[in-house]
Amino acid sequence: MKELFRFSAGYLAVAIEKTGDGIRLYSIRDKENKKNLLTQACPLFRLYAENLEDGTWVTLSSHTGWKQADTFKTEEGAVIVLSGNRELPGITVTLTAVCTHNCIEWKTTVSSVNEKYTVTVCDHPMLSFDTGENVCMFFPYGCGEVYTTEKNKELHNLQRYPSYGVSMQYMAFYNKRTKRGIYYGIHDTAPAYKEFSFSKKAGEKFMSMVVGQPLTHIDRGCNSQSLCGKCVWKMFDGDWYDAAVIYREWAEKEAEFLKRDRKEPEWFTKAPHWWLVHINEDASFADDIIEATKMLGTDSPIHLYLWHNAPFDNDYPHYFPVRDVAKEGLKKLKDAGIKVMPYINGRLWDTRDKKAEDFEFTSVAKKWATKDRKGVCFTETYSSKEEDGSKVCLSIMCPSTALWQEKMAYTVGRLINDEGFDAVYMDQIAAAQPYSCCDPAHPHAPGGGDWWCRSYRGLLDRVYRAIPEDAVLTTECTADPFISHMGGYLSWLWVRNNQVPAFPVIYSKYISMFGRCYGADSDPDWTGFRIFIAQSLVYGEQLGWISPRKYKESPYRDFYTECVRTRAKLGKYFWCGTETLRPPVIETSLPRLRTEKCSQAINGISEENAVIGCIRKAEDGKKLLLLVNAAKEGGNAVIYADLPDGVYGDIIFKDGKAETYMDALSLKYAEF
């Protein structure tokens, strides 16, 4: 006879099995619909510890190895306490569940009196659920992705937050037939460094999603602490959109990273398009930009690379002096009224920072670089190479340190104040994962925690003090902890399969998103090109991040131009401050568009419906319905949307449904 501990939050009912030497999540039930959402017992958490003397590792699971497993009901919900682990003595884990209507808020605390081992990572309570052909899961990679979970499918992923792989602190699953699901979010206001993962083996009928937190004070034993934030399980009706709204409502109410003092200049927030330019040998690049901008017929700032003498991803952070051809071109562009934003890297110092020579890394930077517990610098390599053919080895600087904060302030300040640029792009800040720095000389606790995000916001505060109020900072990708301190996010990696616009649903009121990686797609039919421009338009991004050459060469330049001009014309529905409402569901007679040659997508595959659309709300309350057909053929489309009966342009809605014909490579819209 199984010993079960049951508690409920409205219609969300949970059963915990006491295994004899631990606990497991035994079942989850939707009491309103009388349906089990989990029927396979699964562990509730894992914990990892390292022996400080010999470096050996121990992994604990909730369901085995514990001498004591106590469960209590409280007025607010429940408490679970595990203690006396046989493999790792002196460890106690306490899970506190606060139950409200259809929602469980978990708080996890790790207590350690073990001096030999440091606890390095602990999971928030793991959410497992039954899978099937109608069950979908949402993961916050980039703008958000949705996967189906049928029985024979294998699914697994691990991404670190904040980074390109995890933009937001939540996941979800839902049944697309019954429209019932559970939101799984970490409501952490600062927030802390985390590891988001999901796993399902082929043939298994269940799947698990979990968030682990790298812990602080990993330089010693007895590093007791509570995990940052609350782990929220919330039952909801709907799909990925409704899960996004739950996270948005929390972020708007509590998140530190939405507390914003600066207002970006209109040239930036109202820009409909961006050029991506790498400077070659002369200033003719400026003439190409001016010509392409005239062809485009709208304003278009420039994201400028290779303005410095050092090769890309080499000799960072020694950028100056600015190349003469860049200065010459910049003058031409300013005379033409075109804004320019140069590239710098926001986190790396080359370990051989003057060609093959260690110029200042060891003497100046190394002390303030991120390091592991043994004092070894964390480094990364990319495709860049030194003159001897070896890979450039780049050290990750610690954002908490005065040296790196002052270096970034100096570099950005010189570019804007002395060289005349209008904005600066600081690469990787919202794209690359944090590191658990353990240098005792740095002003943070060794290991994980919320210091990484707080330190970068402090670094950006220092940069802003060095530049005028109308200057703009942007960065790569879309991890949300830096929204309060960035004018825009480069959404270049939003080119994968199974995407949904969850990030715009949550944050289009708070930050501008710009650009797709058109250079990633080598499809001779330019299918990816057509997918990306249509998607980026309905997702609300500032379009482009394309070279003037590629724009001029494209056989679909007219379609691209129409998309850009339409966004410029309807700008008030797209500027930062607007809302992304629930997208219409569109069925069409046209086949799905598919490219298999996108270098930034899994297996090169990126697909999208031929006809897609959006509904957007301007700050004045007016709304926009926009449809785009990116196919080379025309076709019929049936549109389902949360719209009142009525006429929208030439589209007539009745009972939430409309039909229309979309010409090849065309747009339709109605303001209401």
> Which condition does Pro43 not pass, out of (1) open to solvent by 10 Å² or more (accessible area, probe 1.4 Å); (2) touching a Ser or Thr at 6+ places or on another chain (Cβ under 7 Å); (3) without any contact (Cβ under 8 Å) to a residue 60 or more places away in the chain; (4) not β-branched (Val, Ile, Thr), if it passes all the others?
Replying inline: (3)
> Has the range 406-426 got at least one residue that is open to solvent by 10 Å² or more (accessible area, probe 1.4 Å) and under 26 Å from Arg160 (Cα atoms)?
Replying inline: no
>> Could you go through the range 94-111 and let me know if any residue there is free of Cβ contacts under 8 Å to residues at least 60 places away in the same chain and on the phi > 0 side of the Ramachandran plot.
In response: no
> If only one of Glu105, Glu53 is of a type outside the set (A, V, I, L, M, F, W, C) and touching a Cys at 6+ places or on another chain (Cβ under 8 Å), which one is it?
Replying inline: Glu105
>> Scan the range 653-664 and tell me whether some residue there is out of contact with any strand residue (DSSP E or B) (no Cβ under 8 Å at 6 or more places or on another chain) and open to solvent by 10 Å² or more (accessible area, probe 1.4 Å).
In response: yes
> Within the group Lys385, Lys354, Lys339, Lys371, which residue is over 24 Å from Leu304 (Cβ atoms) and modelled with pLDDT of 95 or more?
Replying inline: Lys371
>> I'd like to verify a number: residues in the range 538-576 that are within 20 Å of Trp492 (Cβ to Cβ), open to solvent by 20 Å² or more (accessible area, probe 1.4 Å) and touching a His at 6+ places or on another chain (Cβ under 9 Å), how many?
In response: 2
>> Condition check: out of contact with any Asp or Glu (no Cβ under 9 Å at 6 or more places or on another chain) and among the β-branched types (Val, Ile, Thr). Does Thr298 satisfy that?
In response: yes
> Got a number for residues in the range 473-527 being assigned to a helix (DSSP H, G or I) and either among the hydrophobic types (A, V, I, L, M, F, W, C) or modelled with pLDDT of 95 or more (or both)?
Replying inline: 14
> How about the range 359-375: which of its residues are farther than 28 Å from Leu52 by Cα and of a type outside the set (D, E, K, R)?
Replying inline: Phe359, Phe361, Ser363, Val364
>> Going residue by residue through the range 436-451, is there one that turns out to be open to solvent by 50 Å² or more (accessible area, probe 1.4 Å), more than 30 Å from His217 (Cβ to Cβ) and part of a loop (DSSP other than H, G, I, E, B)?
In response: no
>> Looking only at strands (runs of 3 or more DSSP E) that lie completely in the range 187-293, which have at least 2 residues being charged (D, E, K, R) and under 30 Å from Ile615 (Cα atoms)?
In response: 230-237
>> Residues that are of a type in the set (Lys, Arg): list the strands (runs of 3 or more DSSP E) wholly contained in the range 341-424 that include at least 1 such residues.
In response: 379-385, 391-396
> Which of the residues belonging to the range 505-537 are more than 16 Å from Leu276 (Cβ to Cβ), open to solvent by less than 10 Å² (accessible area, probe 1.4 Å) and charged (D, E, K, R)?
Replying inline: Arg530
> Does Gly221 satisfy being modelled with pLDDT of 95 or more and within 19 Å of Tyr507 (Cβ to Cβ)?
Replying inline: no
>> For the range 493-503, check the following and say yes or no: at least one residue is closer than 25 Å to Arg260 by Cβ, surrounded by fewer than 23 Cβ atoms within 10 Å (Cβ to Cβ) and in contact (Cβ under 8 Å) with a residue 60 or more places away in the chain.
In response: yes
>> For the structure I just gave you, tell me whether Leu12 is modelled with pLDDT of 95 or more, of a type in the set (A, V, I, L, M, F, W, C), crowded, with 19+ Cβ neighbours inside 10 Å and closer than 20 Å to Thr100 by Cα.
In response: yes
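Quickly run through the range 88-102 and pick out the residues that are open to solvent by less than 10 Å² (accessible area, probe 1.4 Å) and of a type outside the set (Gly, Ala, Ser).
Selection gives Leu88, Ile91, Val93, Leu95.
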> Residues in the range 606-624: is at least one of a type in the set (S, T, N, Q) and either without any contact (Cβ under 8 Å) to a residue 40 or more places away in the chain or surrounded by 21 or more Cβ atoms within 10 Å (Cβ to Cβ) (or both)?
Replying inline: yes
> Which of the residues spanning the range 583-604 are in contact with a strand residue (DSSP E or B) (Cβ under 7 Å, 6 or more places away or on another chain), in contact (Cβ under 8 Å) with a residue 24 or more places away in the chain and either aromatic (Phe, Trp, Tyr) or surrounded by fewer than 17 Cβ atoms within 10 Å (Cβ to Cβ) (or both)?
Replying inline: Val585, Glu587, Ser589, Arg594, Lys597
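The values are calculated or read from the model by the stated rules, or taken from the named source; none is laboratory data. In this text, all values refer to a predicted model and were calculated from it rather than measured experimentally. All Cβ positions, even for glycine, are placed from backbone atoms using ideal geometry, and neighbour counts span all protein chains on display. Keep in mind that these areas ignore ligands, DNA and RNA; they rest on the heavy atoms of the full protein, side chains included. Shrake-Rupley method; radii C 1.70, N 1.55, O 1.52, S 1.80 Å.
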